[in-house]
Amino acid sequence: MAKKEESENMVERFAEFKDLKNIDKATMIRVLEESFRSVLAKQFGTDENFDVIMNPDKGDVQIFQNLEVVEDGAVENPNLQISLSDARADNDPEVEIGEEHTKEIIFAAFGRRAILNLRQTLQSKILELQKEAIYNKFKDLEGELVTGEVYQTWSRETLLLDDDKNELLLPKTESIPGDFFRKGETIRAVVLKVDNKNNNPKITVSRTSENFLRRLFELEVPEIHDGLINIRAVARIPGERAKIAVESYDDRIDPVGACVGVKGSRIHGIVRELRNENIDVINYTSNPSLFIQRALSPAKISSIVLDEENKKAEVFLRSEEVSLAIGKGGLNIKLASKLTGYIIDVYRDSEEVYDDDVYLDEFKNDIDGWVIDTLKDNGWVTAKSVLNAPRQEILDKTDLEEVTVDQVLEILNAEFENDPE
């Protein structure tokens, strides 16, 4: 009786263990049965002739071994067979040869080694379940906002712990330039991806993802959270600048005004979270020409030529608007292209280009395309605009090698070598 009580107490302790690990009752019963069967298989060579009955209401377990009754002296495998005399002596007086005799097994009678084996097997299965649960939980959270406390920072990544002490990894490449974290600090990020190599979940989070900006707006702007305003497109250069296109399903709601808030009250919190990343909020439109025009704000466009099939746009502006459209370091035009999905080329209005000037694109046979794009990103779209710029200014703004700049100037000068000027 004492051994049975010990077995029951053992199961009750496992039930407490279950509660600590937050595993549902049905799963715990299945795991307990599998654990008992695993130990029985080691003890008897098989678990196929055992019935393991879990009783969750009482917190106990009953184990029955089913044995084939054979003639006295004909027992070949005591784990599968029992002699007729032994079976009848074991409270089964009417059993006959060839029938099945069932006897109850008191697990605790196997000794401490078996109990320890059971506990270790159970712990191993519980750990596997935990890992599986963590993977499933965070796989469903990919792209969603999570909060974690900084536990440790290394040169290439930061380890965060959420409220359940799950480990979240924030790589340096997914941190915003200027991010600096102290141990114990609480930070926000989005779940970027979840891997489960060798049943070992690895949760990677990001603060540079476009989804991070989306989730912050959903958090700060109730109209977005409630579905009255929809975020149609997002483009970011983390830590520098971002553009977000929004539209309202209610004509009474100004989507841009709602996102910015009174005196910038809503957007300021997002800007601080993003380490002072400048955010342009624009009204979305299905008209690609108008959308590109809004995306290039604050520049004012004179005209646009669209190639919708190839997703290209030629944008013409007055001279003083070109630098605004391109932006510092080409940020504005890069973000506008990303936001609209169009490759945008900026040109000065044709009437403003000297008759004998030539657009840089005409030199693609002589100058590498990436060099031309670099010059255009910094506001030089024609040959003479480059030639009229100080050589040092070109070097400083573009970071091009001196030999590359000199080659470009030589090619462009050759175009105008007969020019009286």
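The values are calculated or read from the model by the stated rules, or taken from the named source; none is laboratory data. Owing to the predicted nature of the structure, the values given are computational and were not obtained by experimental measurement. Note that we place each Cβ from the backbone using ideal geometry, even for glycine, and neighbour counts take in every protein chain shown. We work out accessible area using only protein heavy atoms, side chains counted, and drop any ligands, DNA or RNA first. Shrake-Rupley method; radii C 1.70, N 1.55, O 1.52, S 1.80 Å.
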Exercise for review: Could you tell me which numbered condition ILE134 fails, if it satisfies all but one of (1) assigned to a helix (DSSP H, G or I); (2) in contact (Cβ under 8 Å) with a residue 24 or more places away in the chain; (3) within 30 Å of ASN49 (Cα to Cα)?
Suggested key: (3)
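Considering only segment 269-356, give the helices (runs of 4 or more DSSP H) lying wholly within it that have at least 3 residues that are under 18 Å from GLU210 (Cα atoms) and out of contact with any Ser or Thr (no Cβ under 7 Å at 6 or more places or on another chain).
331-340
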Point to revise | Complete set of residues in segment 244-255 that are crowded, with 18+ Cβ neighbours inside 10 Å and of a type in the set (A, V, I, L, M, F, W, C) | key: ILE244, ALA245, VAL246
Revision key, fill the gap. All-but-one check, LYS183 against (1) exposed (fewer than 14 other Cβ atoms within 10 Å of the Cβ); (2) within 15 Å of PHE138 (Cα to Cα), failing number (2)
Check your understanding: How many residues are at pLDDT 90 or above, closer than 23 Å to GLN43 by Cβ and not in a helix (DSSP H, G or I) when one looks only at segment 80-99?
Key -> 4
Exercise for review: Might you let me know whether segment 313-334 holds any residue that is of a type in the set (Gly, Ala, Ser), without any contact (Cβ under 8 Å) to a residue 60 or more places away in the chain and loosely packed, with under 15 Cβ neighbours inside 10 Å?
Suggested key: yes
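I'm checking my understanding of the structure. Among residues of segment 356-396 that are of a type outside the set (A, V, I, L, M, F, W, C) and crowded, with 18+ Cβ neighbours inside 10 Å, which one is modelled with the lowest pLDDT?
Checked segment 356-396; the qualifying residue modelled with the lowest pLDDT is GLY379.
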**Study point:** Test: residue in segment 91-110 that is open to solvent by 20 Å² or more (accessible area, probe 1.4 Å) and within 43 Å of the chain's Cα centre (by Cα)
**Key:** no
Check your understanding: Taking segment 362-397 as the region of interest, how many residues are among the acidic types (Asp, Glu) and either outside any helix (DSSP H, G or I) or closer than 21 Å to LEU296 by Cα (or both)?
Key -> 4
Exercise for review: Specify which of the listed residues (ARG188, ARG232, ARG156, ARG241) is surrounded by 15 or more Cβ atoms within 10 Å (Cβ to Cβ) and closer than 25 Å to ILE134 by Cα.
Suggested key: ARG188
Exercise for review: Test ARG113 against the criterion of being in a helix (DSSP H, G or I), closer than 30 Å to ASN166 by Cα and among the basic types (Lys, Arg), and give yes or no.
Suggested key: no
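Take ILE253 and tell me if it is part of a loop (DSSP other than H, G, I, E, B), of a type in the set (Val, Ile, Thr) and over 29 Å from ILE134 (Cβ atoms).
For ILE253, the condition - part of a loop (DSSP other than H, G, I, E, B), of a type in the set (Val, Ile, Thr) and over 29 Å from ILE134 (Cβ atoms) - is met.
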**Study point:** Residue, surrounded by the most Cβ atoms within 10 Å (Cβ to Cβ), within segment 111-153, restricted to residues that are touching a helix residue (DSSP H, G or I) at 6+ places or on another chain (Cβ under 9 Å) and of a type in the set (Lys, Arg)
**Key:** LYS125
Check your understanding: Residues in segment 179-223 that are closer than 30 Å to ILE282 by Cα, out of contact with any Asp or Glu (no Cβ under 9 Å at 6 or more places or on another chain), assigned to a loop (DSSP other than H, G, I, E, B) and not β-branched (Val, Ile, Thr): how many?
Key -> 1
Exercise for review: Output the residues belonging to segment 164-189 that are farther than 17 Å from GLU277 by Cα and within 13 Å of the chain's Cα centre (by Cα).
Suggested key: LEU168, LEU169, LEU170, PRO171
